[in-house]
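I have placed the structure first, in the form of structure tokens, so that the comments after it can refer back to it.
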Amino acid sequence: MDMSSLLPIVKVATQVATPLSLAGLALSLFFGAVFALLRGINLKAILPDASAKIVLRIFFYGFVLSLSALILGVLSWVLSNMVERSIARSNIERSFYDKNYQSVIFKAELYIKDNPYDDRVRHQLGTSYYALAQYQKGVQIYSEMNQLYSNEASCEQNKSAATSSLAAFHMKLNDYDKALNFSSSTLECSNVTDMFILNHLQILSEKERDVHEEFKNLKYKFKSSYFQSKFHLLAYVSSLKRVGKNDPVIFLDLKEAFCEDQKVKSIIQARFNTGDFSYSDAVVNDFDYEMTIIQKYISIDERNHIINELISSGCSK
């Protein structure tokens, strides 16, 4: 539901909420106190009967009106805060799903200052920073999130989300020691995801560690064929970087990557020969790491030969 049409009402509500509430509170206290006082004395002894009734009614209706002003002020405050927040959140979400990341950043940076515990918007902002390679800003917002949940245990959802995101952004900044420190702190958590494990293994690959051996030590099983396939592609380029060339042994990992998931297979089949794996529907799971290593160590002619071999050999189940 598009609530943008409510913005003019919200703006008015924002302007009148506080003064209306204060005036209503002050007047209702005044009229309420006077009305209670007048009811406690015998006005008829001072004023004629008709006049006494008029005075009582004046203060009674004054109390009712001032109480109404107080209620309207409170409702205006609710409207200006809750509805305005909902509209802003909806606009950020729309920009995010349209992949208009610059718009998300512009809107979400303002929004998150007033709503620091809205983790959904924070993650949308973080993903937008990642997509536009603004990694230092990603470190900043997740450091803030990490501080917000500093009293939580490391495996609590909010805390572990901040920690794993910090690992991913530090990895992009080539600060592998910090990335590994954050990544290792949540490895034992039951809520770790395939993407987290893959990012952790990529950090280890950058640290020249054996990806297969490290994965074996984790005793983890990928839930998605996509990430299982990406693991084998990571293992292939990690070995390629270490060996310096393609050979029959490390080729087995590339074959596994090619055959385990249809999406990864189509990307390898269409782009391996160019070395450009940058296309991906999932922004945070792009192939830039693999692309860089493949372009560095394998010539175009050899890439064409490898992809032809992958296609011709087929995938046996």
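The values are calculated or read from the model by the stated rules, or taken from the named source; none is laboratory data. These figures come from a predicted structure and were not determined experimentally. Counting neighbours? That spans all protein chains shown, and the Cβs are built from the backbone with ideal geometry, glycine included.
Looking at the stretch 203-230, which of its residues are closer than 22 Å to Asn181 by Cβ and among the aromatic types (Phe, Trp, Tyr)?
Phe215, Tyr220
Applying the selection to the stretch 233-276, what residues are within 13 Å of Glu290 (Cα to Cα), of a type in the set (A, V, I, L, M) and without any contact (Cβ under 8 Å) to a residue 40 or more places away in the chain?
Across the stretch 233-276, the qualifying residues are Ala235, Ala257, Val264, Ile267.
How about the stretch 120-178: which of its residues are polar (S, T, N, Q) and under 20 Å from Lys99 (Cβ atoms)?
Matches in the stretch 120-178: Gln124, Thr127, Ser128, Gln134, Ser165.
Would you check if there is a residue in the stretch 251-274 being closer than 21 Å to His305 by Cβ, touching a Lys or Arg at 6+ places or on another chain (Cβ under 7 Å) and not in a helix (DSSP H, G or I)?
yes
Just checking, how many residues over the stretch 207-227 are loosely packed, with under 15 Cβ neighbours inside 10 Å, in a helix (DSSP H, G or I) and charged (D, E, K, R)?
Number of matching residues: 2.
Which count do you get for residues in the stretch 184-206 that are over 20 Å from Glu290 (Cα atoms), assigned to a helix (DSSP H, G or I) and under 19 Å from the mean Cα position of the chain (by Cα)?
Residues that pass the stated criteria total 0.
Can you tell me which residues in the stretch 83-109 are modelled with pLDDT of 90 or more and within 16 Å of Gln134 (Cβ to Cβ)?
Ser95, Phe96, Asn100, Tyr101, Gln102, Ser103, Val104, Ile105, Phe106, Lys107, Ala108, Glu109
Determine whether the stretch 145-166 contains at least one residue that is within 23 Å of Ile293 (Cα to Cα) and assigned to a helix (DSSP H, G or I).
First pass over the stretch 145-166, keeping only residues within 23 Å of Ile293 (Cα to Cα): none.
Within the stretch 145-166, not a single residue is within 23 Å of Ile293 (Cα to Cα) and assigned to a helix (DSSP H, G or I).
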